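The values are calculated or read from the model by the stated rules, or taken from the named source; none is laboratory data. Everything quoted here is computed from the prediction, not taken from an experiment. Ideal geometry is used to build each Cβ from the backbone, glycine not excepted, and the neighbour counts take in all protein chains shown.
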């Protein structure tokens, strides 16, 4: 999770001006934190570019949560194959991810380790369970204390949408600084990070659609 960039003064100020500037900055930050993030209506965009993000309350109470919905221009079978290929090098083409390792597989679950650009010194260990019959993934952070979290869990539901696939990702989490991360409206905040990840998948979708169709022919 990326931290907010500090607000800094570019030029030296005398004492009265400094007080006015500090008051302005404090007021600005408060207003921005209290103002809800409003996404442009995704229906006005082409299907393969629609991304909607909504803040939600965690099911267990406490902490924070989001609901992310977007569309991928590929059939659900191709998307499921991509989503469940936990040993693929293609995952590292995501700028948010700087390290990924499949630790083990057992039954319909896997354990993976990720390192993120926003926290390069931390390793996040995830357990993901696959329900192929309903095209659903559930995930849980196994080492919250080591990754400076209280908890982080959620699900990813794939839904057929004609020749496309709708992704509905819901997550609940809490960590130090989460209250700022979910409200920060610029690069590095929740909206920016989730949008970048969804956009990355949308750009990749034609390639793994091609790979999936090629595999069907062989």
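Structural remarks
- Inspection of region 71-80 identifies at least one residue that is within 20 Å of residue 139 (Cβ to Cβ), surrounded by 13 or more Cβ atoms within 10 Å (Cβ to Cβ), touching a helix residue (DSSP H, G or I) at 6+ places or on another chain (Cβ under 6 Å) and at pLDDT 95 or above.
- Which numbered condition residue 5 misses (of (1) in contact with a strand residue (DSSP E or B) (Cβ under 7 Å, 6 or more places away or on another chain); (2) surrounded by fewer than 16 Cβ atoms within 10 Å (Cβ to Cβ); (3) at pLDDT below 90; (4) closer than 30 Å to residue 121 by Cβ): (1)
- Considered as a group, the residues in region 183-218 that are surrounded by fewer than 20 Cβ atoms within 10 Å (Cβ to Cβ) and more than 24 Å from residue 46 (Cα to Cα) include one that is nearest to the chain's Cα centre (by Cα), and that residue is 188.
- All positions within region 158-182 that are more than 14 Å from the chain's Cα centre (by Cα), in a strand (DSSP E or B) and within 20 Å of residue 78 (Cα to Cα): 158, 159, 160, 161, 164, 165, 166
- When 137, 180 are checked against the criterion of being touching a residue at least 40 places away in the same chain (Cβ under 8 Å), closer than 24 Å to residue 60 by Cβ and surrounded by fewer than 16 Cβ atoms within 10 Å (Cβ to Cβ), 180 stands alone in meeting it.
- Yes/no for residue 122 being free of Cβ contacts under 8 Å to residues at least 60 places away in the same chain, farther than 23 Å from residue 48 by Cβ and assigned to a strand (DSSP E or B): yes
- Exactly one residue among 165, 129, 84, 112 is modelled with pLDDT of 95 or more, touching a helix residue (DSSP H, G or I) at 6+ places or on another chain (Cβ under 8 Å), under 26 Å from residue 215 (Cβ atoms) and surrounded by 14 or more Cβ atoms within 10 Å (Cβ to Cβ), and that residue is 165.
- Criterion: under 24 Å from residue 130 (Cβ atoms) and modelled with pLDDT under 95 - qualifying residue of 58, 46: 58
- For the criterion of being under 22 Å from residue 86 (Cα atoms), in contact with a helix residue (DSSP H, G or I) (Cβ under 7 Å, 6 or more places away or on another chain) and crowded, with 18+ Cβ neighbours inside 10 Å, residue 158 passes.
- Filter pass, residue 131 being touching a residue at least 12 places away in the same chain (Cβ under 8 Å) and in contact with a strand residue (DSSP E or B) (Cβ under 7 Å, 6 or more places away or on another chain): no
- Selection of region 185-218 for residues being outside any helix (DSSP H, G or I) and either touching a helix residue (DSSP H, G or I) at 6+ places or on another chain (Cβ under 7 Å) or over 21 Å from residue 147 (Cα atoms) (or both) yields 185, 186, 187, 189, 218.
- Residue that is nearest to the chain's Cα centre (by Cα), among those in region 46-64 that are assigned to a helix (DSSP H, G or I) and over 15 Å from residue 194 (Cα atoms): 48
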